[in-house]
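Just below is one structure, and these are the notes that go with it.
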Amino acid sequence: MKKYIYIALMSLSMAGLTSCDMDAPSQSALDASTVFSQYDLAVGSVMAIHDGWGKTNSYRGRWISLYGMNTDAEWWNTPSYSQRTDDKQSACNYSTAEDNGWLDKTNDTWQGLYEGIEKANIAIDNIREYGNIESNPDMAQLLGEALTLRALMHIELVKTYGDIPARFEQTTSENAYKHRTNKDEIYKQVLDDLLEAEDYCYWPNENTITTSTERVSKSFVKGLRARAALYAGGYSLYSDGTFRLSDDADLAQSKMWQIAKEECLSIIESGTNTLGTFEENFRAICEESYTAGKESIWEIPFSEGRGRVVSSKGVRHQSPYNQWVEYQKTGSIGAESGPLPTLWYDYDADDIRRAITCVPYRWYNGGDGNDGDAVQELWGIKNWSFGKLRHEWMKRKATSLDDGINWQVMRYADIYLMAAEAINELDGPATAWQYMKPILDRALPAAKVSALQTKYTASKDAFRKGIQEQRKFEFAGEMLRKQDLIRWGILDQTLAETKAKLQQFANRQGDYADLPEKLYYTYESDQTTIKIYGLNHGDTDDEGDRLRKEEGWESKGWFVSNGENNIDDDIINGLYVVEKPSLRSVWPIIKSVIDNSSGYLNNDFLK
């Protein structure tokens, strides 16, 4: 399917944005009644909304790389307390300043998403007026897409900045400057808009429009509404400086769980999506296979010159010029962020998600800038890669940081786990189990799934903890974990526990006392794929030394180098650098936006 991001709409053009939000758009000569009464013309205006994701310093170049890092599952590779004021470090360690030099850029995330919202408002207003949606279901589909994209952009802005100015109408000289809007009001509007959009959008493959995961389908609208409900009913940081549940009766947790339950069950019962295997989903993304109806529900459609997805979240290529990458620049590519080393040990050893999610090697061909095939080599205990996205799974070579791979916003596994979470709270664990089971069935042997059933269904609280655990294993590296910890109200507790775990891990104490000090490795017959001993509980240095002496394996210092722990206090304390991360769990609005807001905006609640 043709990718639509950055397709220019000939009939409507946006004026340059000011950092207060944006100025009113200019109209071109072609009449809106002509454009928005014909699907073939109107589709361009709706696809142009996606432009908001793709600005160089916006969602693609900053948010995907930095937001959501430093949890119990993922971190910026690698934290440092001594460098805590570094722009990239501080964007992740809960101490972000409004003049952060990496975020305070032209066309930042704030400006990019508000530009997309303005384009959505133009499309929504004009399709309502000229689209004849009652008699033209394809035009109704476009209205549903525009409503959904506007809702998603508001959700992402609220996640990132807390209370924000709501923009559910076109910008005029009268409303150009606005104070922050209480997020409760934004969520209520978003929930209403998505409910309306459900009536307009086709199910996956119901129509030729929704045969691709790059187009909004009814599955995505309903899934996004379920996600928005769980966010709205959970904990968050408000602009009065409090971290709490909403006090709005319309957003009571029981009501939000009910919405999530109904929406997720509707998707599951429709039968329009299937799970497949865990690996298949991520290979399909890297292979640019956008067929709807599988696990992927919706993806941001990046073109070849946009994205920074694999280059940020993929396996490290230390010399970025090899059989998979033609990035003609010195340095490395991939693994800007990665899994905490403890995440590998959180998984059951038989969980197939472990080796796909956590990768201890990098690709190396002998030196930066050298041409030639790369091989896998052990990287370092503090520098793991996420393996869900890989240049080596792509069907074309990446030639820049902007690899053009889509960003997957929602997949079917999330529908099952949101259903299980909501149903547990409303109906109890026995009923909820059937919606967790499909996720575990594809990850673990049957006997271990049965054992988890006994453990998780013992009580509502046990199942709640099971959801928290399984969402970590399922979605690590997919930018969902931070918001999950926030909405559950356990961010501070979990991060404190994570620091303590890292301290034990670094010293091979407690749960990690049985791990060997070194790793031992050799290569498979292809002389490219590394084979590793020492990454599992019960592996020993004695057996590793035997492999080295008798079978020619090599060894690498893993926990210790030159008598010093490779994971030191500087790394551990760099995970977060404030007393209560929950009170700094959003980014400040950047200084250039504040300075140009005529006094309407500030970050005073971030102390």
Ellipticity estimate at 222 nm from DSSP helix runs (n ≥ 4, -39,500 (n - 2.57)) divided over the chain, nearest 500 = -12000 deg cm²/dmol
Would you please report the Å³ per residue occupied by the convex hull of the alpha carbon atoms in segment 435-506?
-> 124 Å³
Over segment 66-184, with a single point scatterer placed on each C-alpha, what log10 of the ratio I(q)/I(0) does the Debye formula yield at q = 0.11, 0.17, 0.18 1/Å?
-> -0.51, -0.93, -0.99
Can you tell me the 0 to 90 degree angle between the C-alpha axis of helix 218-232 and the longest principal axis of the chain, rounded to 10?
-> 80 degrees
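Quick one: of LYS159/LYS395; LYS188/LYS437; LYS183/LYS607, which pairs are farther than 24 Å apart, Cα to Cα? Can you show the working numbers first?
On the way: LYS159/LYS395 34 Å; LYS188/LYS437 32 Å; LYS183/LYS607 19 Å.
Too far apart for the 24 Å limit: LYS159/LYS395; LYS188/LYS437.
Filter the chymotrypsin sites (Phe, Trp or Tyr not before Pro) in segment 122-216 down to the DSSP loop ones having no more than 13 other Cβ atoms within 10 Å, then list what survives. Working shown, then result.
On the way: sites: TYR130, TYR161, PHE168, TYR177, TYR187, TYR200, TYR202; in loops: PHE168, TYR177, TYR202.
Hits after loop and neighbour filter: nothing returned.
Can you work out the accessible area per residue across the chain, with the rest of the protein chains kept in place, probe 1.4 Å, in square angstrom?
Working: 21870 Å² over 607 residues.
In whole numbers, the chain has 36 Å² accessible per residue.
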For segment 304-358, which trypsin sites (Lys or Arg not before Pro) are both in a DSSP coil and crowded by at most 13 other Cβ atoms within 10 Å?
-> LYS329
Cα pair distances in segment 528-575, grouped into 10 Å bins until the bin that holds the longest one, percent each = 21, 40, 29, 9, 0
What nm value, rounded to one decimal, do you get for the distance between THR454 and TYR600 when each label is placed 7 Å out toward the C-beta?
-> 6.1 nm
Relative to the longest principal axis of the C-alpha atoms of the chain, give the angle of the C-alpha long axis of helix 429-441, reported between 0 and 90° and rounded to the nearest 10°.
-> 70 degrees
Within straight cross-link reach of LYS518, meaning Cα distance under 19 Å, which lysines are found once same-chain residues fewer than 8 apart are removed?
-> LYS382, LYS531, LYS549, LYS556
For segment 153-265: span of alpha carbons on each principal axis (Å, largest first) | 46, 39, 20
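Once you keep just the Cα pairs under 8 angstrom separated by 6 or more residues, what percentage relative contact order results for the chain? Show your work: numbers first, answer last.
Values: 1213 pairs, mean separation 110.3, N = 607.
For the chain, the relative contact order is 18 percent.
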Which three extents, in whole angstrom, do the alpha-carbon atoms of the chain cover along their principal axes, largest first?
-> 80, 56, 49
May I ask for the angle, rounded to the nearest 10°, between helix 109-130 and the longest principal axis of the chain, with both axes built from Cα atoms and the value confined to 0 to 90°?
-> 40 degrees
First compute the accessible area of the chain with a 1.4 Å probe, then give the percent of it belonging to carbon and sulfur atoms.
-> 44 percent
In nm, to one decimal, how far is the modelled label at ASP441 from the one at THR529, with both set 7 Å along Cα→Cβ?
-> 2.8 nm
The rounded separation in angstrom of the Cα centers of segment 506-567 and segment 131-146 is 59 Å
Given N residues in segment 222-273, what is Rg(Cα) / (2.2 N^0.38 Å)?
-> 1.32
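If you average over every viewing direction, what projected area does the convex hull of the Cα atoms of segment 357-465 give, in nm²?
Mean orientational projected area (segment 357-465, Cα hull): 10.0 nm².
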Which whole number in µm²/s is D for segment 147-198 by Stokes-Einstein, with the Kirkwood Rh taken over Cα pairs at 20 °C and 1.002 mPa s?
-> 188 µm²/s
Once amide hydrogens are built 1.01 Å from N within the peptide plane, the residues lying 5 or more places from GLY338 or on another chain with amide H under 5 Å from its amide H are TRP75, ASN77
With a cut-off of at most 11 other beta carbons within 10 Å, and DSSP calling the residue loop, which chymotrypsin sites (Phe, Trp or Tyr not before Pro) in segment 308-395 qualify? Please list them.
-> none
Where GLU263, GLU517 fall by accessible area, highest first, once all protein chains stay in place (1.4 Å) = GLU517, GLU263
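Could you give the length gained on full extension between GLN323 and GLU174, defined as 0.36 nm per residue of separation minus the Cα-Cα distance, in nm? All intermediate terms of the calculation are to be shown ahead of the outcome.
Values: separation 149, 0.36 × 149 = 53.64 nm, distance 5.60 nm.
Between GLN323 and GLU174, full extension yields 48.0 nm more.
The values are calculated or read from the model by the stated rules, or taken from the named source; none is laboratory data. Keep in mind it's a predicted model, so treat the numbers as computed, not measured. All Cβ positions, glycine included, derive from the backbone under ideal geometry; neighbour counts span all protein chains shown. Please note that ligands, DNA and RNA were not included when accessible areas were found on the heavy atoms of the full protein model with its side chains. Shrake-Rupley method; radii C 1.70, N 1.55, O 1.52, S 1.80 Å.
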